[in-house]
Amino acid sequence: MKNPQVVSSDSLRTQFVAAMSAMYRSEVPQYESLVDLVEQVNEQELLNNPTLEQSLRHSNSLERMAEERHGAIRLGKAEELFNVRRLFALLGMQPVGYYDLAVAGIPVHSTAFRPVQSSALAVNAFRVFTSLLRTDLIEDQDLRQRAEAVLSSRHIFSPQLLQLMDEAEQNGGITADQSATFIELAVGIFRWQDEALVDTELYQQLHDSHRLIADVVSFKGPHINHLTPTTVNIDRVQTLMPEKGITPKAVIEGPPRRNCPILLRQTSFKALQEPVKFANQQGDFEVGSHTARFGEIEQRGIALTEKGQALYNQLLNKVREQITPNPDGSNAAEYSAVLESVFSAFPDSYCELREQQLAFFNYSVRQDAIVDVAANQDKTIEELIGLNLVRFDPVIYEDFLPVSAAGIFQSNLGDTANNATAGATSNQSLFESQLGAQVSDYFALYEQQQQVSIDNCLSAFQQVKSAAQQSLAKAV
Ligand code: OOG
Ligand code: NI
């Protein structure tokens, strides 16, 4: 039975994000400047664009936007992934999607933990892109064994937190009395810990094999490596970043700017160099540095169907055949021009996107619809739309894009990272066994969300109909 003292996972997640955000602000001051900039741009944009404001208000996204974030962590071993899944489940977040980054030269595979129910997303759409290091891709046997030995000795979950998680799983959640401690311990896992687990020599070897391997193996915990606020005008934020002393990456990842934004556009600022205390033989420290943590912003658009996603992939490949963005930004304008011209083949109105089944929509009965009962019995959803009784709004994309993620990884690992993992095989079933659960298929989740909204519309008209029939029956 559910314990009445249990706090809702939505409310816990909100507390968790607030605490993570406060921690990251204090650890990475540039993140704070970025959040301020995003807030200014969003405010201005909504003032200038009442249609956008209305549409966000209609989908209840206005309030969620100010606090919306995604973050990313990189884990070192199966046990960590398993316990992180348990932790995030208590915060109302489930693993969705499998991302194989090895194909892009990054030795990890990943999932995103996020809320899945529309009601939970509306409260707080926090997502954590979670990667697990694939030590099997470290070619040097000796180095691989040393890395695995370091990882096997570390324990990122304290016994107290594990105990709380066990209890919560039995009680059906975290109780009000436990919540403050739970949040503090949970956030603590992801803090920056500057005392390395390795000496400078091992750090250097790991770093030479791949910078990401050094980032995961050398430290006591999986520090959060970025937090990403959401903006309604990413181009504007990208342009203004330098004025605030923030250097953005060369180009925005993902689709071009459009009337109807699709999927996800992202940009980030370069990782910071942070001081690290490396252990040495004498049992004390040697000071060095490490770069991993950065800031990012995103703009989200409509979720695409498999057909839409295939068109997106096809067009992106076409772009990449013609041009790849130089990390120093020297061909950024040319890249944007090619991106825009190739993507002109992607329909850019919600009507076309819907008619061609390229994207997912939420259907709802128009507030102002004058429902003529007799005339609207047994209508299909298409007919109800045609009669202007039902409206459709974009389902927002809640997930990530593998090619963009690879671009984000690369920009903060140093753009020289080479393609060390070519030919590596992807391994979703191994990932799922380490996770202790299957990852959900996001297309299925969006499809379901769309179908529920259609069913709700149809049953609203059914109800009108049966109410009319009832009053008819009474009259007889
Ligand atoms: C994760 C990069 C992926 C995104 O927004 O695509 C990501 C990482 O650098 O660990 O966060
Ligand atoms: Ni990110």
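The values are calculated or read from the model by the stated rules, or taken from the named source; none is laboratory data. Everything numeric in this text was worked out from a predicted model, so none of it was measured. Every residue, glycine as well, gets a Cβ built from its backbone with ideal geometry; the counts of neighbours run over all protein chains shown. Please note that ligands, DNA and RNA were not included when accessible areas were found on the heavy atoms of the full protein model with its side chains. Shrake-Rupley method; radii C 1.70, N 1.55, O 1.52, S 1.80 Å.
Somewhere in region 120-135, is a residue more than 17 Å from the chain's Cα centre (by Cα) and over 22 Å from Phe400 (Cα atoms)? Give the steps one after another, and end with the answer.
Start the filter on region 120-135 by keeping residues that are more than 17 Å from the chain's Cα centre (by Cα), which leaves 133-135.
Still in the running and over 22 Å from Phe400 (Cα atoms): 135.
Yes, region 120-135 contains a residue that is more than 17 Å from the chain's Cα centre (by Cα) and over 22 Å from Phe400 (Cα atoms).
How about region 58-85: which of its residues are open to solvent by less than 30 Å² (accessible area, probe 1.4 Å), modelled with pLDDT of 95 or more and away from ligand 2 (no atom under 16 Å from the Cβ)?
Hits for region 58-85 are Gly76, Glu80, Leu81, Asn83, Val84.
Could you check region 86-116 and list, in sequence order, the residues that are within 15 Å of ligand 2 (Cβ to nearest atom) and out of contact with any strand residue (DSSP E or B) (no Cβ under 6 Å at 6 or more places or on another chain)?
Within region 86-116, Ala104, Ile106 meet the criteria.
Determine whether Pro248 is within 16 Å of ligand 2 (Cβ to nearest atom), under 21 Å from Val338 (Cα atoms) and either over 16 Å from the mean Cα position of the chain (by Cα) or not assigned by TED's automatic domain parsing to the domain that holds Asp140 (or both).
Working: within 16 Å of ligand 2 (Cβ to nearest atom): yes; under 21 Å from Val338 (Cα atoms): yes; either over 16 Å from the mean Cα position of the chain (by Cα) or not assigned by TED's automatic domain parsing to the domain that holds Asp140 (or both): yes.
So Pro248 passes the test.
Find all pairs meeting these conditions: Cβ atoms under 6 angstrom apart; at least six residues apart or on different chains; first residue within region 81-98 and outside the structural domain of Leu430 (by TED's automatic domain parsing); second residue open to solvent by less than 20 Å² (accessible area, probe 1.4 Å).
Correct list of pairs: empty, since none qualify.
Just the residues that are closer than 19 Å to Ile106 by Cα and open to solvent by less than 10 Å² (accessible area, probe 1.4 Å), please, taken from region 194-209.
Looking only at region 194-209, we keep the residues that are closer than 19 Å to Ile106 by Cα, and these are 203-209.
Across region 194-209, the qualifying residue is only Leu206.
What number of residues within region 25-41 are buried (at least 20 other Cβ atoms within 10 Å of the Cβ) and farther than 30 Å from His290 by Cβ?
Looking only at that region, the number is 1.
Taking the residues in region 240-264 that are open to solvent by less than 20 Å² (accessible area, probe 1.4 Å) and part of a strand (DSSP E or B) as candidates, determine which candidate is farthest from Phe360 (Cα to Cα).
Among those residues, the one meeting the criterion is Glu253.
Go through region 267-365 and tell me which strands (runs of 3 or more DSSP E), entirely inside it, have 1 or more residues that are under 24 Å from the mean Cα position of the chain (by Cα) and aliphatic (A, V, I, L, M).
Working: elements: 273-279, 285-291, 295-300, 361-365.
Where strands (runs of 3 or more DSSP E) fall fully within region 267-365 and carry at least 1 residues being under 24 Å from the mean Cα position of the chain (by Cα) and aliphatic (A, V, I, L, M), they are 295-300.
Please go through region 170-192 and give me each residue that is surrounded by 16 or more Cβ atoms within 10 Å (Cβ to Cβ) and either at pLDDT below 95 or farther than 30 Å from Pro29 by Cα (or both), ordered by number.
Passing the criteria: Gly173, Ile174, Thr175, Gln178.
Here is a check on your reading of the model: is Glu167 over 21 Å from Phe294 (Cβ atoms), out of contact with any Gly (no Cβ under 8 Å at 6 or more places or on another chain), open to solvent by 60 Å² or more (accessible area, probe 1.4 Å) and touching a residue at least 12 places away in the same chain (Cβ under 8 Å)?
On the way: over 21 Å from Phe294 (Cβ atoms): yes; out of contact with any Gly (no Cβ under 8 Å at 6 or more places or on another chain): yes; open to solvent by 60 Å² or more (accessible area, probe 1.4 Å): yes; touching a residue at least 12 places away in the same chain (Cβ under 8 Å): no.
When the stated conditions are applied, Glu167 does not pass them.
Are any residues in region 275-300 within 30 Å of Asn233 (Cα to Cα) and more than 16 Å from ligand 2 (Cβ to nearest atom), and if so, which ones?
Step one: list which residues in region 275-300 are within 30 Å of Asn233 (Cα to Cα), which gives 291-300.
Within region 275-300, just Thr291 meets the criteria.
Looking at Val103, Val96, which one is among the aliphatic types (A, V, I, L, M), in a helix (DSSP H, G or I) and within 15 Å of ligand 1 (Cβ to nearest atom)? I'd like the intermediate steps shown before the answer.
On the way: Val96 fails: in a helix (DSSP H, G or I).
Testing whether each residue is among the aliphatic types (A, V, I, L, M), in a helix (DSSP H, G or I) and within 15 Å of ligand 1 (Cβ to nearest atom) leaves just Val103.
Inspect region 282-296 for any residue being open to solvent by 20 Å² or more (accessible area, probe 1.4 Å) and within 16 Å of ligand 1 (Cβ to nearest atom) and give the result as yes or no.
Checked against the condition, which is being open to solvent by 20 Å² or more (accessible area, probe 1.4 Å) and within 16 Å of ligand 1 (Cβ to nearest atom), region 282-296 yields at least one hit.
Can you run down the residue pairs with Cβ atoms below 6 Å, 6 or more apart or on separate chains, where the first is in region 398-411 and farther than 18 Å from Val319 by Cα and the partner is part of a helix (DSSP H, G or I) and more than 9 Å from ligand 2 (Cβ to nearest atom)?
Cβ pairs passing all conditions: Asp399/Tyr442.
Quickly run through region 220-239 and pick out the residues that are open to solvent by 30 Å² or more (accessible area, probe 1.4 Å) and either in contact (Cβ under 8 Å) with a residue 60 or more places away in the chain or under 26 Å from Trp192 (Cα atoms) (or both).
Lys220, Arg236
Looking at (1) more than 15 Å from the chain's Cα centre (by Cα); (2) open to solvent by 10 Å² or more (accessible area, probe 1.4 Å), which is the one condition that is false for Ala102?
Among (1) more than 15 Å from the chain's Cα centre (by Cα); (2) open to solvent by 10 Å² or more (accessible area, probe 1.4 Å), the lone unmet condition for Ala102 is (2).
What pairs come out if I take residues in region 266-292 that are assigned by TED's automatic domain parsing to the domain that holds Leu206 and pair them with residues that are within 16 Å of ligand 2 (Cβ to nearest atom) and hydroxyl-bearing (Ser, Thr, Tyr) whose C-beta lies under 7 Å away, six or more apart or interchain?
From region 266-292, the pairs are Gln266/Ser404; Ser268/Ser411.
Is it true that Ala22 is touching a residue at least 12 places away in the same chain (Cβ under 8 Å), surrounded by fewer than 21 Cβ atoms within 10 Å (Cβ to Cβ), assigned by TED's automatic domain parsing to the domain that holds Asp136 and closer than 26 Å to Ile156 by Cα?
no
Of the numbered conditions (1) within 30 Å of Ile262 (Cα to Cα); (2) of a type in the set (Ser, Thr, Tyr); (3) modelled with pLDDT under 95, Tyr442 fails exactly one; give the number of that condition.
All conditions are met except number (3).
Do we have any residue at all in region 323-333 that's within 16 Å of ligand 1 (Cβ to nearest atom), closer than 28 Å to Asn42 by Cα and open to solvent by 20 Å² or more (accessible area, probe 1.4 Å)?
Taking region 323-333 first, the residues within 16 Å of ligand 1 (Cβ to nearest atom) are 325, 327.
If we keep only those that are closer than 28 Å to Asn42 by Cα too, we end up with 325, 327.
Pick out the ones that are also open to solvent by 20 Å² or more (accessible area, probe 1.4 Å) and you get 325, 327.
Within region 323-333 (the criterion being within 16 Å of ligand 1 (Cβ to nearest atom), closer than 28 Å to Asn42 by Cα and open to solvent by 20 Å² or more (accessible area, probe 1.4 Å)), the answer is yes, since at least one residue qualifies.
Quick one: is Ala375 at pLDDT below 90, on the phi < 0 side of the Ramachandran plot, part of a helix (DSSP H, G or I) and out of contact with any Lys or Arg (no Cβ under 8 Å at 6 or more places or on another chain)?
Details: at pLDDT below 90: yes; on the phi < 0 side of the Ramachandran plot: yes; part of a helix (DSSP H, G or I): yes; out of contact with any Lys or Arg (no Cβ under 8 Å at 6 or more places or on another chain): yes.
Judged against the criteria, Ala375 is a match.
Somewhere in region 139-150, is a residue open to solvent by 20 Å² or more (accessible area, probe 1.4 Å), among the small types (Gly, Ala, Ser) and away from ligand 1 (no atom under 16 Å from the Cβ)?
Keep residues of region 139-150 that are open to solvent by 20 Å² or more (accessible area, probe 1.4 Å), which gives 139-142, 144-146, 148-150.
Then keep just the ones that are among the small types (Gly, Ala, Ser); that gives 149.
Checking which are away from ligand 1 (no atom under 16 Å from the Cβ) leaves us with 149.
Scanning region 139-150, I find at least one residue that is open to solvent by 20 Å² or more (accessible area, probe 1.4 Å), among the small types (Gly, Ala, Ser) and away from ligand 1 (no atom under 16 Å from the Cβ), so the answer is yes.
Might you check whether a residue that is within 24 Å of the chain's Cα centre (by Cα) and in contact (Cβ under 8 Å) with a residue 60 or more places away in the chain occurs anywhere in region 138-155?
No, the conditions are met nowhere in region 138-155.
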